[in-house]
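Novice: I am attaching a structure below and will ask some questions about it afterwards.
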Amino acid sequence: MKNKKRFLFILLSVIFSLILSGCGSESSAGSSNDKHNLKMSVTVSDSSTWYKAAEKFAEEVEAETDGRITIDIFANEQLSGGDSGKAVESLAKGTIDLTYNSTIIYSILNEKLGVLSAPFLFSDLDEVDEKLNGPGGEEIKKILRDFGVEPLGFGQNGFRQLTNSTKEITSPDDLAGLKVRIPGIKMYTDLWTEFGANPSTMTFSEVFTSLQSGTIDGQENPIDVIHSSKLNEVQDYMTMWNYSYDPLVLGMNKKLFDSLSESDQEIIQTAAANANEFQIAEARKLEEEQIKSLEEAGMQLYYPSEEEINQFKEAAQPIYDQYESIWGEDLLKAFQENE
């Protein structure tokens with residue numbers, strides 16, 4: 001009888017241990033058998049390099065997980081009613097799983113991220129690549145994680161160039177009184193006011209007709225936006241001054257990312273790295289073709305000399321004095337100092 005009780009006690013102990021072990025595994029990170037159907041928002045149209053890279057990302061993730069993880073892509077911020085700011089907020093909250101967004105949009109939520117848009121911070125694309133893949137880029141990723149976004153790497157919207165219908169812009173004096181549309185963040189408003197221009201923050205959908213009617217004289221954007229919006233039809237001049245760089249972030253909701261198994265996280269990270277590499281290469285190749293197309297269409301492109309660029313840099317210096325405390329001295333130095 002004692003042996004039977006002892007056997008029963010041991011049997012119950014083993015069963016109880018197995019139950020506890022099962023509960024423990026359920027509360028840990030997800031297993032490599034979990035299924036997910038994710039939603040990804042892209043700011044621009046399905047003909048863009050952003051969307052094509054998102055497709056490449058989704059295809060690789062689905063293939064590497066044997067269809068366990070699928071990603072539906074929505075162009076033109078359909079998931080947020082066309083509002084990029086809401087898309088980033090939804091990403092942080094988890095109501096959108098993944099996005100491709102410019103850091104200009106992220107800087108609305110955290111002004112520190114505006115450091116990447118600082119005037120004349122980067123001289124060329126080689127410096128962009130070096131800095132974003134260095135300590136500065138890692139600090140940006142930490143900031144993104146702090147408000148709920150897991151950064152899966154950087155893409156490219158490109159250097160922002162100035163177009164106008166009034167005159168060739170070769171010096172800061174030429175900007176005086178120019179009515180120019182800019183993105184709706186305070187740093188750009190302060191910068192263009194410092195230049196002596198008359199900045200306006202209207203939505204981009206209004207820009208073409210406003211240029212056509214003369215409500216504004218000009219605008220600034222990367223080449224892809226200028227070309228795809230056919231602004232050459234209402235703008236005669238473009239200044240190729242690379243005055244502000246516009247990176248993209250392929251972001252994922254951090255709680256969702258952290259909930260995945262390590263193997264699924266690795267699959268997501270590898271697919272994202274491949275997608276970003278593809279997007280950047282395509283964007284740079286396309287930009288060369290678009291510049292040639294704009295010139296052939298009759299647009300007059302001006303490339304300022306190093307001396308002229310230095311004049312613009314000097315005119316922009318007060319913005320650094322004003323925003324260094326907002327961006328953070330150490331973060332700014334990470335992008336300004338040579339490796």
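The values are calculated or read from the model by the stated rules, or taken from the named source; none is laboratory data. Predicted, not measured: the structure shown is a model, and the values here were computed from it. Cβ coordinates were reconstructed from backbone atoms using ideal geometry, including for glycine residues, and neighbour counts include every protein chain displayed. When the accessible area is computed, the model is the full protein with side chains, heavy atoms only, and any ligands, DNA or RNA have been set aside. Shrake-Rupley method; radii C 1.70, N 1.55, O 1.52, S 1.80 Å.
Novice: From the list Q269, Q317, Q322, pick out the single residue that is open to solvent by 60 Å² or more (accessible area, probe 1.4 Å) and under 21 Å from S171 (Cα atoms).
Specialist: Q317
Novice: Return a yes/no flag: does segment 224-237 have any residue that is open to solvent by 30 Å² or more (accessible area, probe 1.4 Å), closer than 24 Å to I73 by Cα, acidic (D, E) and in contact (Cβ under 8 Å) with a residue 24 or more places away in the chain.
Specialist: yes
Novice: Then there is this: Any residue at all in segment 127-134 that's surrounded by fewer than 20 Cβ atoms within 10 Å (Cβ to Cβ), without any contact (Cβ under 8 Å) to a residue 24 or more places away in the chain, more than 18 Å from A273 (Cα to Cα) and of a type in the set (S, T, N, Q)? Walk me through how you get there before you give the answer.
Specialist: Restricting attention to segment 127-134, the residues satisfying the condition of being surrounded by fewer than 20 Cβ atoms within 10 Å (Cβ to Cβ) are 127, 129-130, 133-134.
Retained after the next criterion (residues that are without any contact (Cβ under 8 Å) to a residue 24 or more places away in the chain): 127, 129, 133.
Next cut, more than 18 Å from A273 (Cα to Cα) only: 127.
Pick out the ones that are also of a type in the set (S, T, N, Q) and you get none.
The answer is no, given that none of the residues of segment 127-134 is surrounded by fewer than 20 Cβ atoms within 10 Å (Cβ to Cβ), without any contact (Cβ under 8 Å) to a residue 24 or more places away in the chain, more than 18 Å from A273 (Cα to Cα) and of a type in the set (S, T, N, Q).
Novice: So which residues in segment 135-150 are of a type outside the set (D, E), open to solvent by 10 Å² or more (accessible area, probe 1.4 Å) and under 21 Å from T270 (Cα atoms), if there are any at all?
Specialist: Across segment 135-150, the qualifying residues are P135, K141, K142, R145, G148.
Novice: Further question: Taking helices (runs of 4 or more DSSP H) that fall entirely within segment 149-231, which contain at least 3 residues that are under 21 Å from S48 (Cβ atoms), at pLDDT below 95 and within 27 Å of the chain's Cα centre (by Cα)?
Specialist: Result: 223-228.
Novice: Turning to a different aspect of this structure: Of everything in segment 83-101 that's of a type outside the set (A, V, I, L, M) and open to solvent by less than 10 Å² (accessible area, probe 1.4 Å), which residue is farthest from Q322 (Cα to Cα)?
Specialist: Here the residue is T99.
Novice: Still on this structure, please answer the following. Of all residues in segment 106-124, count the ones that are part of a helix (DSSP H, G or I), crowded, with 17+ Cβ neighbours inside 10 Å and touching a residue at least 60 places away in the same chain (Cβ under 8 Å).
Specialist: So the answer is 8.
Novice: A further question on this structure: How do the pairs read when you match residues in segment 76-96 that are free of Cβ contacts under 8 Å to residues at least 40 places away in the same chain with residues anywhere that are charged (D, E, K, R) and surrounded by fewer than 17 Cβ atoms within 10 Å (Cβ to Cβ), using Cβ under 8 Å and keeping only pairs 6 or more apart or on different chains?
Specialist: E77/D83
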